[in-house]
Amino acid sequence: LSVTVTFVGSGDAFGAGGRFQTCILVDAPDTRFVIDFGASSLIALNKLGIDHNTIDAVVLTHLHGDHCGGIPFFLADAMLGARRDRPLIIAGPRQTRERIAAVNDALMPGMHVMEPRFPLEYQEIDVMRPTRVGELTVTSFPANHTGETNPTSVRVEVAGKTVAYTGDSAWTKHFPALAADADLFVCECYFHGKSVRFHTNYPDIQEHRDELTAKRMILTHFSREMMGYKDSAPEECAFDGMVVEL
């Protein structure tokens, strides 16, 4: 069965290189979902001609705005102009429901009075425990990022394929299990020449490359500095609109 991955947004929080924030779209035979939905994701979907009403689930790695900040606009349009009628699941780490409500209130004040006319479900995923999310099996791993964001890395199984993503995280002991035999391992690579806290950087990837046994690895979430190496790095590098067949 064919599974297709589209990098709707492959950028960092600050739009380095003019890229959109993180949004990884996965199309499987019976479902379509995204991993993360940064503040610019609705714009990025529209640019690619992808209808957000066709997305069945959003899987969040953590609660920073460049990974979840687009949800208020997604939901508001789904309830108003787009008139969504199909179910939607928003899954993520602990506190996802209350924290997304706070994001909604901050970015779209008054939105709490809007009632969706479609089934809307929130799921909070415990780490290290495979969890059914619609047609998906999601296993989240502890990540080393800003603690207030409840950070995780995620491994998603769908239609016999596995897509894994580090989210934002410094290297952890869980990365080899996260990547193990995955059909696609999407790995953050924030800086090239140095390591910064709470992120995976190119020196970390060089040091640990042999521990990552995924069938295919793609680097993403580049800083301004890392953008200068995107065309010379020997590893495969994501770009907005990139499509991968698994």
Quick check for me: using +1 on Lys/Arg Cβ and -1 on Asp/Glu Cβ, what's the dipole size of the range 179-244 about its Cα centre, in debye to the nearest 20?
200 debye
Any idea what angle helix 96-107 forms with the longest principal axis of the chain, computed on alpha-carbon atoms, 0 to 90 degrees, nearest 10?
70 degrees
Do any chymotrypsin sites (Phe, Trp or Tyr not before Pro) in the range 1-91 lie in a loop, going by DSSP, with at most 16 other beta-carbon atoms within 10 Å of their beta carbon, and if so which?
PHE14
SER140 - accessible surface, heavy atoms, 1.4 Å probe, Å² rounded to 10:
0 Å²
Å² per residue, accessible surface of the chain at 1.4 Å
43 Å²
With a 10 Å radius around each residue's Cβ, average the other Cβ atoms per peptide and rank 98-108, 212-222, 228-238, highest first.
212-222, 98-108, 228-238
Rule-of-thumb Rg ratio for the range 1-138 [Cα; 2.2 N^0.38 Å; N residues]:
0.99
Where the centroid of each part is defined by its Cα atoms, how far is the range 12-67 from the range 70-92 in Å?
13 Å
Going through the cross-link list LYS173/LYS215; LYS47/LYS230; LYS161/LYS215, which pairs have a Cα-Cα distance over 21 Å in this structure?
LYS47/LYS230
Quick one: net charge of PHE118's neighbours, Cβ under 13 Å, K/R +1, D/E -1?
-1
As a percent rounded to 5, the proportion of antiparallel DSSP bridges among beta bridges in the range 7-93 is 55 percent
When Lys and Arg each count +1 and Asp and Glu each count -1, what net charge do the other residues less than 13 Å away from GLY241, Cβ to Cβ, add up to?
+1
Given a 1.4 Å probe and heavy atoms of the protein chains only, how would you sort HIS199, HIS52, largest accessible area at the top?
HIS199, HIS52
Note down the net charge around ASP30, summing +1 for each Lys or Arg and -1 for each Asp or Glu among other residues with Cβ under 11 Å from its Cβ.
-2
Which is farthest toward the positive dipole end of the range 47-170 among HIS145, LEU60, VAL163, measuring Cα position about the Cα centre, with Cβ charges +1 (Lys, Arg) and -1 (Asp, Glu)?
VAL163
With charges set only on the Cβ (+1 for Lys and Arg, -1 for Asp and Glu), what does the dipole of the chain come to about its Cα centre, in debye to the nearest 20?
200 debye
By DSSP, what percent of the beta bridges with both residues in the chain are antiparallel, rounded to the nearest 5?
55 percent
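The values are calculated or read from the model by the stated rules, or taken from the named source; none is laboratory data. This is a predicted model, so every value here is computed, not measured. In this analysis, Cβ positions are derived from the backbone assuming ideal geometry, glycine residues included, and neighbour counts consider all displayed protein chains. These accessible areas exclude ligands, DNA and RNA; they are computed on the full protein's heavy atoms, side chains included. Shrake-Rupley method; radii C 1.70, N 1.55, O 1.52, S 1.80 Å.
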